[in-house]
Structure formats: C-alpha cells, structure tokens
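**Student:** Here it is, the structure in full.
The values are calculated or read from the model by the stated rules, or taken from the named source; none is laboratory data. Keep in mind the model is a prediction, meaning the values are calculated, not measured. Every residue, glycine among them, receives a Cβ derived from its backbone with ideal geometry; neighbour counts consider all protein chains shown.
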Ligand SMILES: Cc1cc2nc3c(=O)[nH]c(=O)nc-3n(C[C@H](O)[C@H](O)[C@H](O)COP(=O)(O)OP(=O)(O)OC[C@H]3O[C@@H](n4cnc5c(N)ncnc54)[C@H](O)[C@@H]3O)c2cc1C
C-alpha cells in the first residue's frame, strides 16, 4: 500500500516491506523519487515461495530469510512501528536509513542488533500423512498421524488456512463494503477507491485475482507508473489481472500457468513453452527464482 504524502518528510510512504513494498520502494528510487519510507513491523523478510520447498525438506530456512534492514533501497528509510501502519496520515519515526548505497545492516541501529541476537537456528522435523486437528494454547499443535494423536510444542506455528485480510487494513479504514477487509483499490488502476493519494498492490488488496508474487511483477510497475502519471495529470495505465503460478505435476517437475483476470493465457516469462511441465522449470522455481527475487525483483530491476 502506498501513500503519497506531500506534507510530510517523505515523498512516498510504503506500508509493508514484503515482496510488493520492497519492489515498489526500489523502483521508486530507481525512477528518481527523492525520499521513500517503508513501514514494516517484522525485522525479517521471508521469501515465501521457498517455504513450499523448506516444508517438504527440499530447502533450508536460512535460504528464505533476510534482515529487512539489509534489503531497503539506498536512501530509503525503514520504520518498524506497527501502530503507525494503521494510521497512514500520521508522522512516524524512521529507525534505519540507507544513505550509503551499501548492502550492510545500519550499524547505528540497536533494533536490528537486538533482533539479530534473537535470531537463532531452529531444529527441523518432517511429519508426513499427518493432519493438524487443533492449536493448543497458542504454542502447540495437536496432530493426528500414523502413530495416532500427538501434541507437538512449537515456538513458531505456520499454517495455511484460507486467506483473510490483515486486521490493520479494516482498522485503518482502507477497506470498503464488500471487500471483506481487503484494501479497496480499483483493480485496473490500483488507486484507492476513496483516498486518491493511496495506492495498493499485493495480497492485502481486493483485486479479485490469485494472490502471487508473479502478479506483483506487473502490479508494481503499473502502480509506480500511475503514481507518476497522476502527478503529471496523465491518463492512468491499466492492470489486466495478470498472475502466474507454478503448478507441480510430478516430483521435480512443474509448469507455470500465466493468465489474466478473464483466465486468458497471458505469456510474459522470458522462457519458451513454460506451460509444458518440465524438470527445467522446477529448477527455475527452486534455484533460479530465489536468486532473481533477492537480486532483481526486490531491487526494482525486473
Ligand atoms: C507458502 C507460500 C508459497 C507461495 N508460493 C508462491 C509462488 O510459488 N509463486 C508466487 O508468485 N507467489 C507465491 N506465494 C505468494 C506470494 O508470496 C505473495 O503473493 C507475495 O508475498 C505478496 O506480497 P505482498 O507484498 O503483497 O505481501 P507480503 O510479502 O506478505 O508482505 C506484507 C508485509 O507487510 C508487513 N505487515 C504486516 N502487518 C503490517 C502492518 N500493520 N504495518 C505495516 N506492515 C505490515 C508484513 O510483515 C510483510 O512484510 C506464496 C505464498 C506463500 C505463503
């Protein structure tokens, strides 16, 4: 979600430094935006698609996490105060600032060092043919597997129930009737339906599309274009609902489905015949895309 704020210290404030927020902030800086701030409560950024592989033992947790402070674009600011994100019109303090163009963590930043201390290796175990029957007391899973019922204590529980909107969106008044708590943006222009200086991309928006990082590759370019176009009084570009999803067809083999809001095929990946399932596409998804994500997508280079 982006808020153009001419009366505050920052030219553009990006709420949420996930896939969409980081890519948008980086692209804004590349296009010459003078000052960009990111509001993000989590000190650690997660590349979510790799979770699928880590979950089945085909990757390490260390591959999917990076410190947020290392990822913000040079010249950008990171404000890790969750309360401020629900009040996009209010001023907030920036704790980390990247002015030097270096990739290192801001050495002035006590908050980062504190989080670094807490960030310790975790053990891993894999249960197959097992169902989660309940979450007990917020710190244990009740499981049912081949050996019967089991209580599994856990420091971190990551479940994938049906997708719902984050609470802070409704709390901030950025939703609307019928959006089920998601941000009420125009699905074509990505501009907020009521607040004309608020724009949205990604999972928190009511766009009617499959929520994917692949969709963000298109959304981010369109929303940055449209922020610039609206400031110059030009007609806005339109997003066609493009999304892309890897579809696993066998162990070590997958295809990519690319389509628009009308489910028409919309090919844009720079590879031949991504629809036919191949081992090469599995390698692309497992090994190449994470590198492309860290080095190009969230750097605003793709
Ligand atoms: C397991 C899994 C596998 C996936 N696999 C794929 C895949 O293979 N291909 C694909 O294209 N997509 C995949 N996706 C989807 C993709 O990861 C998401 O669509 C993408 O991350 C959405 O980006 P986003 O910026 O909208 O949200 P996120 O990346 O979730 O970022 C949201 C950010 O907002 C922050 N935030 C939360 N609350 C607040 C607050 N109050 N104030 C400010 N910030 C806040 C969060 O900490 C987070 O950093 C997968 C998702 C999951 C969960």
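**Student:** Filtering the stretch 161-175 down to residues that are buried (at least 16 other Cβ atoms within 10 Å of the Cβ) and over 23 Å from residue 297 (Cβ atoms), which residue is farthest from the ligand (Cβ to nearest atom)?
**Tutor:** If we take residues in the stretch 161-175 being buried (at least 16 other Cβ atoms within 10 Å of the Cβ) and over 23 Å from residue 297 (Cβ atoms), then 175 is farthest from the ligand (Cβ to nearest atom).
Residue by residue, here is whether (1) touching a strand residue (DSSP E or B) at 6+ places or on another chain (Cβ under 6 Å); (2) within 23 Å of residue 301 (Cα to Cα) holds:
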position	(1), (2)
178	no, no
189	no, yes
200	yes, yes
209	yes, no
218	no, yes
265	yes, no
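**Student:** Okay, moving on. Being part of a loop (DSSP other than H, G, I, E, B), within 15 Å of the ligand (Cβ to nearest atom) and touching a residue at least 40 places away in the same chain (Cβ under 8 Å) is the filter; apply it to the stretch 216-255 and report the residue that is surrounded by the most Cβ atoms within 10 Å (Cβ to Cβ).
**Tutor:** 239
**Student:** Separate question: Please specify each residue of the stretch 14-24 satisfying the condition of being in contact with a strand residue (DSSP E or B) (Cβ under 6 Å, 6 or more places away or on another chain) and within 13 Å of residue 219 (Cα to Cα).
**Tutor:** 21, 24, listed by residue number.
**Student:** Can you tell me which residues in the stretch 166-176 are touching a strand residue (DSSP E or B) at 6+ places or on another chain (Cβ under 8 Å), part of a loop (DSSP other than H, G, I, E, B) and closer than 21 Å to residue 22 by Cα?
**Tutor:** If the condition is that a residue be touching a strand residue (DSSP E or B) at 6+ places or on another chain (Cβ under 8 Å), part of a loop (DSSP other than H, G, I, E, B) and closer than 21 Å to residue 22 by Cα, then 174 is the only one that fits.
**Student:** Here is a further query. For the stretch 36-53, what are the residues that are in a helix (DSSP H, G or I) and buried (at least 17 other Cβ atoms within 10 Å of the Cβ)?
**Tutor:** Result: 49, 50, 53.
**Student:** In the stretch 10-35, what residues are more than 15 Å from the ligand (Cβ to nearest atom) and in contact (Cβ under 8 Å) with a residue 40 or more places away in the chain?
**Tutor:** 29, 30, 31, 35
**Student:** Still on this structure, please answer the following. Touching a helix residue (DSSP H, G or I) at 6+ places or on another chain (Cβ under 7 Å) and modelled with pLDDT under 95: which single residue out of 252, 202, 181, 208 fits that description?
**Tutor:** Among 252, 202, 181, 208, only 252 is touching a helix residue (DSSP H, G or I) at 6+ places or on another chain (Cβ under 7 Å) and modelled with pLDDT under 95.
**Student:** Would you confirm whether any residue within the stretch 284-296 is outside any loop (DSSP other than H, G, I, E, B), over 20 Å from residue 23 (Cα atoms) and touching a residue at least 60 places away in the same chain (Cβ under 8 Å)?
**Tutor:** Looking through the stretch 284-296, at least one residue is outside any loop (DSSP other than H, G, I, E, B), over 20 Å from residue 23 (Cα atoms) and touching a residue at least 60 places away in the same chain (Cβ under 8 Å).
**Student:** Cβ-Cβ under 7 Å, sequence separation 6+ or interchain: first residue in the stretch 36-59 and more than 27 Å from residue 11 (Cβ to Cβ) and touching a residue at least 60 places away in the same chain (Cβ under 8 Å), partner in a helix (DSSP H, G or I) and within 6 Å of the ligand (Cβ to nearest atom). Which pairs?
**Tutor:** Within 7 Å, the pairs are 49/213.
**Student:** Right, another one. Return yes when residue 276 is assigned to a loop (DSSP other than H, G, I, E, B), surrounded by fewer than 21 Cβ atoms within 10 Å (Cβ to Cβ) and without any contact (Cβ under 8 Å) to a residue 24 or more places away in the chain and no when it is not.
**Tutor:** Yes.
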